[in-house]
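Below: the structure, in structure tokens.
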Amino acid sequence: MNLNARSERALLALLAAIQFTTVLDFLIVLPLGPQYMEVMHIGPSQFGLIVSSYAVSAGISGLAAGFFLDYFDRKKALLMLFAGFMLGTLFCAVAQGYHMLVLARALAGAFGGVTGALILAIIGDAVPEQRRGAAMGLVMSAFSLASIGGVPCGLYLAQLWSWHAPFYALSALSLVILAVAAWLLPSMRGHMAQAREAHPAARVWAVWMERNHQMAFLFMAVLTCAGALVFPYIATYMVTNTGMTQRQVPFIYLAGGTCTFASMNLIGRWSDRAGKPRVFWIMSACAMVPILLFTNLPRVPCIVGIAVTTLLMICMSGRFVPAMAMVTASVKARYRGGFMSANSSVQQFSMGLATYVSGLIMGQTAKGELTHFPEIGLLSVLCIMCGIPLSRYLRPAVEDGAKDDGRRMKDEMPVLDAQF
């Protein structure tokens, strides 16, 4: 797409708003862990299933979406998926009991995961590569905004009424954003002509069999597992092991979200200037320190716990900005929707598996404290260390019709390889 600067900013703002709701829908469950465990009388593994049901369902729907996503106008596809996500969130609000909540989370994940993948595909279609790092930083800052405003407000509603209230509020907000998107989102059909040249099964096969795509999938699986091993249990660990009260939990997300809102945009622009692989390597190395600090944190004053979790969020989210820009550049436009759908499936399956494994590894003492968390921290660090060399094998895709005489790859490869 050829968008002027104003239209591009408006598009990115709208995508960020949609991303905000999908991220908040996932995030709000995590700090509610202590409340779920108390009200529903469940343990860490059962809570892990609440989280992982969303991710596994999103992974399955992402695999199915890979067969048809590139055959639709991006606008129509996004509106349909977002409407389904809104209904799934509403079902979470009306769910009664543990098993109904797990099913409702699976329904929300079936639409929410593919919605996130399609947003990344739209960015790849609409924003040139030289500005894509900043664009990713802007849209992915929805995580920060969700942490700053969404999670504290959701927790306040949960404490004021019940855990159902945040989902009611999120459903209403999603309805408003859906109406604005239907009005403002431009039609995007440029990818459809090439998509129809091949059978859907052949296109899915092509997406999965391309070596560059396979390396990107493996890279994203490792990247996702590193965070998913630890992040779903931040609030629970802080309450049960470090002495923080449930009323203090929102400050974790408020502080972390405020700092990452600034850091993700800065890291996005930094990665455009300094090279995305270099920035990814630096942020990955930095992330190992707060992971080990957090997973070994004893009872400490509230301010110390917030400082550690904030540093953890800055470093872990900082890896994703250059990483997603590198992954998006590794696929041709004609395959981008299907690839991003498949990539979302890989991420969601990895997230669900890592979260569930963490729940199985962890135990609880008679006082309710979580055990074996340091071992989970070591697993997370191992995943980060594996991701650094894997990033070297990502290659920029050469678009159909581009003159592939070696000059394009020669010009771009130093950006990917010279940093190592």
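The values are calculated or read from the model by the stated rules, or taken from the named source; none is laboratory data. Worth saying up front: this structure is predicted, and the values here are computed from it rather than measured. Counting neighbours? That spans all protein chains shown, and the Cβs are built from the backbone with ideal geometry, glycine included. Surface areas here come from the heavy atoms of the whole protein model, side chains and all, with no ligands, DNA or RNA. Shrake-Rupley method; radii C 1.70, N 1.55, O 1.52, S 1.80 Å.
Would you call Thr245 without any contact (Cβ under 8 Å) to a residue 60 or more places away in the chain and touching a Gly at 6+ places or on another chain (Cβ under 9 Å)? Answer is no for this residue. In the range 102-109 there is at least one residue matching the filter, namely being in contact with a Phe, Trp or Tyr (Cβ under 9 Å, 6 or more places away or on another chain), under 24 Å from Leu14 (Cβ atoms) and in a helix (DSSP H, G or I). Scanning the range 201-240 for residues that are in a loop (DSSP other than H, G, I, E, B) and modelled with pLDDT of 90 or more, we see that the one that is farthest from Gly352 (Cα to Cα) is Val230.
Return the residue satisfying two criteria in turn: it lies in the range 9-35 and is under 15 Å from Ala104 (Cα atoms) and open to solvent by less than 20 Å² (accessible area, probe 1.4 Å), and of such residues it is nearest to the chain's Cα centre (by Cα). Walk me through it before giving the result.
Taking the range 9-35 first, the residues under 15 Å from Ala104 (Cα atoms) are 22, 25-26, 28-29.
Within this subset, residues satisfying the condition of being open to solvent by less than 20 Å² (accessible area, probe 1.4 Å) are 22, 25, 28-29.
Numbers: Thr22: 9, Asp25: 11, Ile28: 14, Val29: 14 Å.
This residue is Thr22.
Test of understanding: among Ala58, Ala17, which residue is at pLDDT 80 or above and closer than 14 Å to Leu120 by Cα? It would help to see each step written out before you state the result.
On the way: Ala58 fails: closer than 14 Å to Leu120 by Cα.
Result: Ala17 is the single residue among Ala58, Ala17 that is at pLDDT 80 or above and closer than 14 Å to Leu120 by Cα.
Within the range 68-80, one or more residues are closer than 23 Å to Tyr168 by Cβ, in a helix (DSSP H, G or I) and either in contact with a Gly (Cβ under 7 Å, 6 or more places away or on another chain) or not polar (S, T, N, Q) (or both). Taking Ser358, is it at pLDDT below 85, of a type in the set (S, T, N, Q) and either more than 22 Å from Ala274 (Cβ to Cβ) or crowded, with 24+ Cβ neighbours inside 10 Å (or both)? The answer is no for Ser358.
Taking the options Val56, Val94, name whichever one is more than 30 Å from Phe339 (Cβ to Cβ) and of a type in the set (Val, Ile, Thr).
Working: Val56 fails: more than 30 Å from Phe339 (Cβ to Cβ).
After ruling out the rest, the residue left standing is Val94.
Reported count of residues in the range 141-160, each being open to solvent by 30 Å² or more (accessible area, probe 1.4 Å) and of a type in the set (A, V, I, L, M), is 4. Which residues, taken from the range 80-93, are open to solvent by 70 Å² or more (accessible area, probe 1.4 Å) and either of a type in the set (Val, Ile, Thr) or farther than 16 Å from Trp163 by Cα (or both)? Hits for the range 80-93 are Met80, Leu87. Taking the conditions (1) more than 19 Å from the chain's Cα centre (by Cα); (2) among the hydrophobic types (A, V, I, L, M, F, W, C); (3) open to solvent by 40 Å² or more (accessible area, probe 1.4 Å) in turn, Leu101 satisfies each one other than (3).
Looking only at the range 111-125, decide whether some residue is at pLDDT below 80, surrounded by 17 or more Cβ atoms within 10 Å (Cβ to Cβ), assigned to a helix (DSSP H, G or I) and not small (Gly, Ala, Ser). There is at least one residue in the range 111-125 that is at pLDDT below 80, surrounded by 17 or more Cβ atoms within 10 Å (Cβ to Cβ), assigned to a helix (DSSP H, G or I) and not small (Gly, Ala, Ser). For the range 308-325, a tally of residues being open to solvent by less than 10 Å² (accessible area, probe 1.4 Å) and closer than 19 Å to Asp272 by Cβ returns 7.
Just a yes or no: is a residue in the range 318-338 among the hydrophobic types (A, V, I, L, M, F, W, C) and free of Cβ contacts under 8 Å to residues at least 12 places away in the same chain? No, there is no match, as no residue in the range 318-338 is among the hydrophobic types (A, V, I, L, M, F, W, C) and free of Cβ contacts under 8 Å to residues at least 12 places away in the same chain.
Scan the range 36-57 residue by residue and report those that are open to solvent by 30 Å² or more (accessible area, probe 1.4 Å) and of a type in the set (Val, Ile, Thr). Matches in the range 36-57: Val39, Val56.
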